[in-house]
Every structure is written in C-alpha cells, then in structure tokens.
Amino acid sequence: MASGVATARTMGNRFSRLSIRRESQAYALLFLVPTALLFVGLVGYPVLYSLLLTVSGRGAAPGQLGAFVGLANWARIASDPIFSQAVVQTLMYVIPAAVLGVLVGLGVALVLNERFPGRRIVRAALLIPWALPPVVVAAMFQWFLDSRRGLLGQWLVNAGLVDQSPIFLGGVPGTLYMLTAIHIWKTMPLLALMFLVALQYLPNETIQAARIDGASRWRRFRYVVLPFLRPTIVAAIIIQVLITVQLFDLIFALTGGGPGRYSTYNVYFYTFKTTFEQTDFGYGAVLAYIVTGFVVVLALLLTRGRARSILS
C-alpha cells in the first residue's frame, strides 16, 4: 500500500514538472513570435526576393520580378571581364590591407604597451582615425593628396624629393594602393586595440624569466610574445579581410571607381554599380550573393576558430 502511494506521488511530481516545463516552453514561444515575425519580414523576405532575382530578369516596375531566365545571370560571371577585373583588384585591396594593417597595428600596440610620458593621451588619440566618419576621411585625404594645393605634395617639393607635386590619385595601380593605404590608416586603430588588450594578459612572469635567462628583446618577442598573440593575429587578419572586402565608402567618395574605367573597382563596389546605377537587379543579386558567400565563409572561420587550427 505504501509503495503504491509513493509511486503515485512520484508520478504526480513528474507530471507536475512536465506541465511546468511545457508551460515555460509555451510562454517562450509566445514571446518569441513577434521577434520571429520581425525576422521573417526584415530578413527572410529580402533574402527570398533576392534569390528569385538571380533567376529572373528585370521587372516592369520596382518590386516586380521579370521573366524567368534560369541560370543565365549566374552564367554571365564566367564571361564578364569587369567582374574578373574587380576580383583581381579586390585581392589587391585585401592582401596588402590584411598583411600591412596587422603588422602596423601590432607594431603600434607594442609601442603603446611600453611605459612613457603621455601614454594615456596617445592611447586615446589612437582611436581618432577609427572614430572619424568615412566621408570625412575621404574629404580630408582628398585635400591632403591634392596635386595643386595638398600638403603632402608641398612637403615633398620643399624637402627636395620631387620637382613638382605628384598626382597621387591619378595613376593606375597607384590610386588603388593609395586607397589601400588610407584604408589601413583608418582601420589600424581597431587592430592595434585588439593587440593592446591581448598584451595586457601576457604573463609578466614569463617575460621576466626570459629576461633573466639572457634572452634579447627580439628573442623575447619571437619566442614568448608572438606565440601568445597568435590567436589574436589570426582574428585580426580575418576581421581586416572582412572589412576590406566590403570597402565601399572610400572608393565612392575619392575616385568613384576611376581613374579610367573600373580601375579601382572591387567586387562590392561593382555590385553597387550594377544594381543601383545600371538597375540590373538580377545580375546584381548574383554578385551580392557571391560577396555574401565569401564574407560568411570568413565569418565562420572566425567564430568557430578554424583559422586558429590552420595556423597552429
């Protein structure tokens, strides 16, 4: 008799816990419905519509789909010389920005990690390039690099390095690399801050032990600091690549894709031109998916830590 009562109580407690759990799940679903509807409206519908655009032509009115063209828009990529040029120039942006940007950011972080008078002021001033709006940066460098009234050209002439002020934004591929240098200048504070934060967690005992063993500054950096910063270096490279692939504002404000035809295009800028200036929404959607796919793959490498295992 007692065992039956105990069994009934156990089953009652189990059903009670089960009902509470189901009630909690019901409330959770109820509260998630508005967010899910908002997500479907703001993300799901545009993604579905853009996917349909890749297999259709241009519609008669905004928001309408054209005739079904199958994979014709995707097939255009193989015979599009502008896309090929934009891909090459994207790499010409990305590779120098990723390598030099990370190296400069690491060097600045190592300097700012040392003790010197005014270090806090310098650290605060480091964020100025990153905080400036891109349009302001473009206007500032457009004036600074102007061949007639720009400061840089006058400095070079006064120093006797050149006879007349160079045209910094007029040649190919010099303009492309000049845009890359400006991009590095703007994004370097973010990378330097990442390294500076990582250096704060570097064990001082390890550095002191290496110093007592007679290791030089270079050896301490090579065998102690650099291995410690390896995960941060990988993260910084991927973040810089992600930012550089989506470089748009500097190109739009400084060169508009020139000088010449398509000489400073990247894939992101070409996508904008195709979609919104040429109003070729079908092919523009294909280009947008290519850029998005590349960015998503790199983002997965960053968030899942696979890049760290590649370099380890």
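Considering (1) at pLDDT below 85; (2) touching a helix residue (DSSP H, G or I) at 6+ places or on another chain (Cβ under 8 Å); (3) under 29 Å from residue 171 (Cβ atoms), the lone condition that residue 265 does not fulfil carries the number (1).
Within the stretch 112-121, the presence of at least one residue that is buried (at least 16 other Cβ atoms within 10 Å of the Cβ) and under 18 Å from residue 195 (Cβ atoms) is confirmed.
A single entry from 135, 99, 122 fulfils the requirement of being at pLDDT 90 or above and assigned by TED's automatic domain parsing to the domain that holds residue 239: 99. On inspection, residue 275 passes the criterion of being surrounded by 13 or more Cβ atoms within 10 Å (Cβ to Cβ), assigned by TED's automatic domain parsing to the domain that holds residue 94, polar (S, T, N, Q) and over 30 Å from residue 145 (Cα atoms). Restricting attention to the stretch 130-151 and to residues that are touching a Ser or Thr at 6+ places or on another chain (Cβ under 8 Å) and surrounded by 11 or more Cβ atoms within 10 Å (Cβ to Cβ), the residue that is nearest to residue 189 (Cα to Cα) turns out to be 130. With the structure loaded, tell me whether residue 253 is among the small types (Gly, Ala, Ser), crowded, with 18+ Cβ neighbours inside 10 Å and either outside the structural domain of residue 133 (by TED's automatic domain parsing) or in contact (Cβ under 8 Å) with a residue 40 or more places away in the chain (or both) or whether it fails that test. No: the conditions fail for residue 253.
Residue count for the stretch 215-243, restricted to those that are within 22 Å of residue 114 (Cβ to Cβ) and not small (Gly, Ala, Ser): 16. Restricting the stretch 166-208 to residues that are aromatic (Phe, Trp, Tyr) and within 13 Å of residue 228 (Cβ to Cβ) leaves a set whose member that is surrounded by the most Cβ atoms within 10 Å (Cβ to Cβ) is 195.
Do we find that residue 242 is modelled with pLDDT under 90 and under 24 Å from residue 286 (Cα atoms) in this structure? Answer is yes for this residue.
The values are calculated or read from the model by the stated rules, or taken from the named source; none is laboratory data. If you're wondering where the values come from, they're calculated on a predicted model, not measured in any experiment. We place every Cβ from the backbone using ideal geometry, glycine too, and count neighbours over all the protein chains shown.
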